[in-house]
Each structure stands twice: as C-alpha cells, then as structure tokens.
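Readers should treat all values here as calculations from the given coordinates under stated rules, not as data from a laboratory. Only a predicted model underlies this, so the values are computations on that prediction, with no experimental measurement involved. Don't worry about glycine lacking a Cβ; one is built from the backbone with ideal geometry, like all the others, and counts go over all protein chains shown.
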Amino acid sequence: MPDTIRRHSPYGGILHEVVEHAGTLYFGGIVSEDLSLDATGQAADVMRQLGILLADNGSDPSRVLMATAYVTDLADKAGFNKAWTDFFAEADLPARATIGVADLGPGVKLELVVTAARTR
C-alpha cells in the first residue's frame with residue numbers, strides 16, 4: 001500500500017527512529033551511543049549506527065538520498081567528513097547539509113537525520 005505510513009522503533013515516548021512512506025525511509029536524529037568519544041569518534045559511531053538502521057529497514061548506503069548533520073562545533077566538520085567518506089562509496093555520496101548548532105544535549109557533538117529509499 002503506497003499510502004501506508006509505518007513507524008518503527010519508538011524512542012522515549014517522543015519519536016520513532018524510523019518512519020516509512022511509499023518506499024522512503026526517514027531516520028530521526030542519530031547520535032553516538034558513546035558520548036565520551038571525541039567528535040571524530042562520535043561521527044564514526046553515528047555512521048556505524050546508520051549502517052545498521054539501513055540494513056534493518058531494507059536499505060543500504062547506496063540508497064541514502066539526503067542527510068542533515070547538526071554539529072556543535074563546525075571545527076569538527078573534518079572529522080565528520082572523514083567518517084562520512086569512509087562510510088559512503090564516492091559514487092553513492094548523497095546530498096548533505098552540515099549545520100552548526102549551539103547545543104544538542106550533554107556530550108552530544110553530532111546528530112544526523114537521513115532520508116533513504118528502500119531496496120526491498
């Protein structure tokens with residue numbers, strides 16, 4: 001059913017980690033599971049989690065359409081770019097925006113929002 005909206009993985013009573021509509025997957029803000037890591041480590045952890053979320057929801061990195069990254073220090077963008085290019089093949093790089101914000105919560109240096117197409 002193309003008009004069906006499916007919501008997966010409720011989180012804390014405030015959101016669903018994944019919402020699907022018409023073969024498009026919308027992933028809510030992904031943050032590092034280990035907030036003791038520096039910005040580069042958090043970026044690598046966020047990309048690791050994205051890989052799992054994509055696989056668990058019938059997609060893969062080549063199907064990512066758009067991402068918005070929120071970072072608390074734009075000086076950390078180079079570390080994020082490294083994790084980004086380690087994760088995506090050059091031919092599969094999606095559209096992306098990186099936005100500097102004042103605060104994402106205690107210890108959070110990066111939050112990633114992603115839209116992807118399902119493969120199956």
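Assorted remarks:
- Cα-only Debye scattering, the range 5-117: base-10 log of I(q)/I(0) at q = 0.14, 0.18, 0.20 Å⁻¹: -0.53, -0.89, -1.09
- Between 0 and 90°, nearest 10: helix 77-87 axis offset from the chain longest Cα axis: 40 degrees
- Residue with peak Gaussian network fluctuation, the chain [Cα springs, cutoff 10 Å], from Ile14, Ile52, Ile30: Ile14
- For the chain, the relative contact order is 33 percent, taking Cα pairs closer than 8 Å that sit 6 or more residues apart in sequence and dividing their mean separation by the residue count.
- Helix-only mean residue ellipticity at 222 nm for the chain, each DSSP H run of n ≥ 4 adding -39500 (n - 2.57), per residue, nearest 500: -8000 deg cm²/dmol
- Burial ranking of peptide ranges 97-106, 56-65 (average Cβ count within 10 Å, highest at the top): 56-65, 97-106
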